[in-house]
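The values are calculated or read from the model by the stated rules, or taken from the named source; none is laboratory data. No experiment lies behind these values; they were computed from the predicted model shown. Note: ideal-geometry Cβ built from the backbone for every residue, glycine included; neighbour counts use all protein chains shown. Keep in mind that these areas ignore ligands, DNA and RNA; they rest on the heavy atoms of the full protein, side chains included. Shrake-Rupley method; radii C 1.70, N 1.55, O 1.52, S 1.80 Å.
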Amino acid sequence: MALGVVGLTVGLALGGAVLLGALGFLLQRTVDTEAFRTADAVALLAAEDALPDPLPVAGGQVRVQVIDAQGRIRAASIDADRLVPMVRPERLDTGHRQRLVVPAERAGLAGPVRVVAVPAGTAADPLTVLVARSMADVRRGTHVVRTILLVAFPLLVAILAGVAWRVVGATLRPVEALRRSAEEITGRAAGGRLPVPASADEIHRLAVTLNGMLDRLESARNRQRAFVSDAAHELRSPLTNIRTELEVAQRLADRTDWTTVTVNLLADTERLSRLVDDLLLLARLDEMPPARGTGPVDVGALVAEVAARYPSPPVLLVPASGPLWTAGNVAELRRVLSNLVDNAVRHARGSVILTAEPHREAAYHLVTVTDDGPGIPAADRQRVFDRFTRLDDGRARDDGGAGLGLAIVWELVRRAGGTITLTDADADDQSGLRVCLLLPALPPEDERGPTVHTP
């Protein structure tokens, strides 16, 4: 606020100085214009050799002289000196129009005095018309304006400062309310919201935006708490199994079947390692921006590569009719397909069918993974992509997973710029599950380079 008042004061001071300068310049130009008009009229009389004596001049603050090349006065106004020129001859530039300032006593006027010189006469008898006008009125006018500004300036600054203080205070009052509410929100564990002012202005929009941000932060915090809780629960299970195996082996001592214990411990360790790897991958995906990968990838060749890792049957591949290029990270896309096929094989009763083909929309390629298992109810098809989600039919921890596979698929597909949906494999009897994966297609001019088969 203080800086604003200082800036206002400086601005008004500069404006006042410019006003005074402009006023003085305009008044001086007015005096010169009138003096030149009088001098031109006298010069016209001199050219016609019709100079009256005395010269007729209106106004008591004007003096006119007509002098020759030797500085002698040929004619003068009634109040002008008839012996001494108002301007010394050596200061005159014969043949040119001039503006001069002379001492007040030389013109017999109140100072300062402005004199204009206009050439007149003929080449044989050159003359110069001198017209003097007092600048006292101009000086008095500028002095009055300066006095008014000096008196009004402090009052104006004080009034504007008071108005600005009230206006800015009223404007910032909602901001202060937002600040106090934000301080209270950060000071307590429970969530809260900022007050939204009734006025439909920038502060209203700021409050709405900040409340939206608080909603997102609250949602993110809840997801983080749930994630940490679920992760701790999932990590506790293999650790508990490992500890139980070791405690039993310690109690049995020599009767312990160390081969069986080793197999069980390795299984729990592998499960624990997979869980940690999945958690680390999800954590990295949360931090990484959803940017497309680099390099073209042949989706059809990648589907064939993943299908080759499984026995046939149950996994059956319908080969693509040609290259299906997309832009992405080949390792991430391979992870997506592997997770989908693993999930399908785990729940299939007999077969899993993989296809890759151009989509009816030319901008995408379609990959489907279809199994003949029990399927997923329509109400749960979005929920299965949440982290640590396992449906009743897949909750066996040994055969199932930690509920992170489809969550990883969702994040990787989102990063690749694609979409994934779940539908019934058979629309008639609603049996089985079909996973439809849409990946962006590269334009023909960008389809180049071989398919990369290594991560």
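A few comments on the model shown:
- Of all residues in the stretch 17-32, at least one satisfies being open to solvent by less than 60 Å² (accessible area, probe 1.4 Å), within 20 Å of GLY111 (Cα to Cα), out of contact with any helix residue (DSSP H, G or I) (no Cβ under 7 Å at 6 or more places or on another chain) and assigned to a helix (DSSP H, G or I).
- Selection from the stretch 226-247 of residues that are aliphatic (A, V, I, L, M) and open to solvent by 70 Å² or more (accessible area, probe 1.4 Å): VAL228, LEU239, LEU246
- In the stretch 1-16, residue farthest from LEU130 (Cα to Cα) [restricted to those that are surrounded by 11 or more Cβ atoms within 10 Å (Cβ to Cβ) and of a type outside the set (A, V, I, L, M, F, W, C)]: GLY4
- Test: residue in the stretch 106-121 that is within 17 Å of VAL31 (Cβ to Cβ), of a type in the set (A, V, I, L, M) and open to solvent by 50 Å² or more (accessible area, probe 1.4 Å): yes
- Listed by position, the strands (runs of 3 or more DSSP E) contained in the stretch 263-371 that have at least 1 residues being open to solvent by 50 Å² or more (accessible area, probe 1.4 Å) are 315-318, 352-358, 364-371.
- The stretch 211-225, subset of a type in the set (A, V, I, L, M, F, W, C) and open to solvent by 50 Å² or more (accessible area, probe 1.4 Å), residue nearest to ARG173 (Cα to Cα): MET213
- ARG37 satisfies every condition listed in (1) within 60 Å of the chain's Cα centre (by Cα); (2) loosely packed, with under 15 Cβ neighbours inside 10 Å; (3) not β-branched (Val, Ile, Thr) except (1).
- Listed by first and then second residue, the pairs with beta-carbon distance under 7 Å, at least 6 apart or on different chains, first residue in the stretch 329-346 and touching a residue at least 12 places away in the same chain (Cβ under 8 Å), second outside any helix (DSSP H, G or I) and among the charged types (D, E, K, R), are ALA344/ASP371; ARG346/ASP399.
- Members of the stretch 375-421 found to be acidic (Asp, Glu) and either open to solvent by less than 50 Å² (accessible area, probe 1.4 Å) or at pLDDT 90 or above (or both), listed by number: ASP380, GLU411
- When ALA80, ALA46, ALA110, ALA123 are checked against the criterion of being outside any loop (DSSP other than H, G, I, E, B) and of a type in the set (A, V, I, L, M, F, W, C), ALA46 stands alone in meeting it.
- Residue in the stretch 49-66 that is acidic (Asp, Glu) and assigned to a helix (DSSP H, G or I) present: no
- Candidates ALA327, ALA320, ALA331, ALA307: the one that is of a type in the set (Gly, Ala, Ser), touching a helix residue (DSSP H, G or I) at 6+ places or on another chain (Cβ under 9 Å) and closer than 20 Å to ARG414 by Cα is ALA327.
- Residue in the stretch 428-435 that is modelled with pLDDT of 90 or more, open to solvent by less than 70 Å² (accessible area, probe 1.4 Å) and in a strand (DSSP E or B) present: yes
- Every residue from the stretch 1-29 that is of a type in the set (Val, Ile, Thr) and touching a residue at least 60 places away in the same chain (Cβ under 8 Å): VAL5, THR9
- When LEU280, LEU239, LEU266, LEU252 are checked against the criterion of being aliphatic (A, V, I, L, M) and touching a residue at least 12 places away in the same chain (Cβ under 8 Å), LEU239 stands alone in meeting it.
- Members of the stretch 40-49 that are open to solvent by 70 Å² or more (accessible area, probe 1.4 Å) and acidic (Asp, Glu): GLU48, ASP49
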